[in-house]
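Colleague: Once you've had a glance at the structure underneath, I'll fire off some questions.
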Amino acid sequence: MIKTLLARGMGVGLAAALLAFTFSFLVGEPQIGRAIELEAQAAAAAGEAQEPEVVGRTVQRTVGLATAVGMYGLAIGGLFGIAFAVAYGRIGSFGPRAAAGLLALGGFVAVQLVPFLKYPPNPPAVGDPDTIGRRTVLYLLMLAISVLAALAAVSFGRRAAAGYGNWNAVLLAVGGFLLLVAAAYVVLPGVDEVAGGFPATLLWRFRLASLGTQAVLWTTLGLLFGALTERSLQDRRREQPAAAAY
C-alpha cells in the first residue's frame, strides 16, 4: 500500500510541478528578468564589470526552471504519499479527498507559508551575497521549527479530542501551533537587506509569484492525489464482492 501511495504521490507531484512551472514561467520569470536588468544597470553605473553567465538566461528560465521545479515536485509528491499513508484514518474520519486536502493545506502552511512570512525570498539585486549562508541557515531553522510545531499540534490534537471533543481539540492544536510559531518569529533575528532604491512593487510581485507557485503545486497535489486515491479505493471495493462471488 505504501509503495502504491509513494508512486502515486511522485506521479501527482510531477503533474503538480508542470502546473507550477507554467505559473512561475508566466508570472515569476518576468519579475526576475526585470530584477536582473536593474542589477546590471546598477553595476554599470558603479563602473563594475559584468560577470559572464555560466548558464544563459534562456536556459535558466526554461530547462533550468523546469528541471528544478520537476525535481522538487517529485520529492514533495513522494513525501506527500508517505505522509498520507501514515495520516489516513488517524486524523479523523475523513475520506481520501478531504484527508489529502487537509494534508496539502497543512503542508503548504508549515513548509511554505510560515517560513515565507518570516524570511521571504529575494529577487536578484536584493540581499548581501556575503550573508547568504546566514540567511539560508535562518530559513532552514524556521522551516524545521514550523514542521515540528505542526507535528506536535497534530499529535496534541489527537490526544485532546477524547477529552475536549474534536472541534475544541482542533482549536487548541491550532492555537498551540500559532503560539510556537509566534515565539520563533520573536526569537529569531530578522533580515532586511532590501536596498532603498529597489522598486517596492517589483519586490512584492516577485514574492507573491514565488508564493503563488508553491500554492499551485500544493493545491494540485492535494486535489489530484485525493481524487485518484478515492477512485482507487472505490475500484477496490467493487472488485472485492465480485471476487467473493467466485
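Each reported figure results from applying straightforward, stated rules to the coordinates on display, with no laboratory input. Just so we're clear, the structure is a prediction, and the values are computed from it rather than from any experiment. Counting neighbours? That spans all protein chains shown, and the Cβs are built from the backbone with ideal geometry, glycine included.
Colleague: Please list, in chain and number order, the residues 5+ apart from Phe94 or on another chain whose amide H is under 5 Å from its amide H, with Hs placed from the backbone.
Modeller: Gly89
Colleague: Moving on. By the gyration tensor of its Cα atoms, with a ≥ b ≥ c the square roots of the eigenvalues, what is the shape of the range 130-246: rounded for a/c under 1.5, prolate for a/b over b/c, or oblate? Display every interim value, and only then the final one.
Modeller: Values: a/c = 3.23, a/b = 1.68, b/c = 1.92.
Oblate, since a/c reaches 1.5 and b/c is not below a/b.
Colleague: Can you give the helix-only mean residue ellipticity at 222 nm for the chain, where every DSSP H stretch with n ≥ 4 adds -39500 (n - 2.57) and the sum goes over all residues, rounded to the nearest 500 deg cm²/dmol? Please list the in-between numbers first.
Modeller: Numbers: 8 runs with 180 residues, N = 246.
Estimated from H runs of four or more residues: -25500 deg cm²/dmol.
Colleague: Starting from the Kirkwood Rh over alpha-carbon pairs, what translational D in µm² s⁻¹ does the chain have by Stokes-Einstein at 37 °C and 0.692 mPa s?
Modeller: Values: Rh = 20.5 Å.
Answer from the Stokes-Einstein relation: 160 µm²/s.
Colleague: Over the Cα atoms of the range 66-191, what is the Rg over Rh ratio if Rh follows Kirkwood? Don't jump to the answer; show the numbers that get you there.
Modeller: Working: Rg = 16.8 Å, Rh = 16.3 Å.
Answer for the range 66-191: 1.03.
Colleague: Ordered by packing density, taken as the mean number of other Cβ atoms within 10 Å over each peptide's residues, highest first, how do 145-157, 206-218 rank? Present the calculation step by step, with values, prior to reporting the outcome.
Modeller: Working: 145-157: 17.5, 206-218: 20.0.
The packing order, highest mean first, is 206-218, 145-157.
Colleague: Please arrange Glu230, Glu37 by how many other C-beta atoms lie within 10 Å of their C-beta, fewest to most.
Modeller: Least to most surrounded, the residues fall as Glu37, Glu230.
Colleague: Expressed in nm², what is the orientationally averaged projection area of the convex hull enclosing the Cα positions of the range 187-228? Before the final figure, lay out each step's value.
Modeller: Numbers: hull surface 18.7 nm².
The number I arrive at for the range 187-228 is 4.7 nm².
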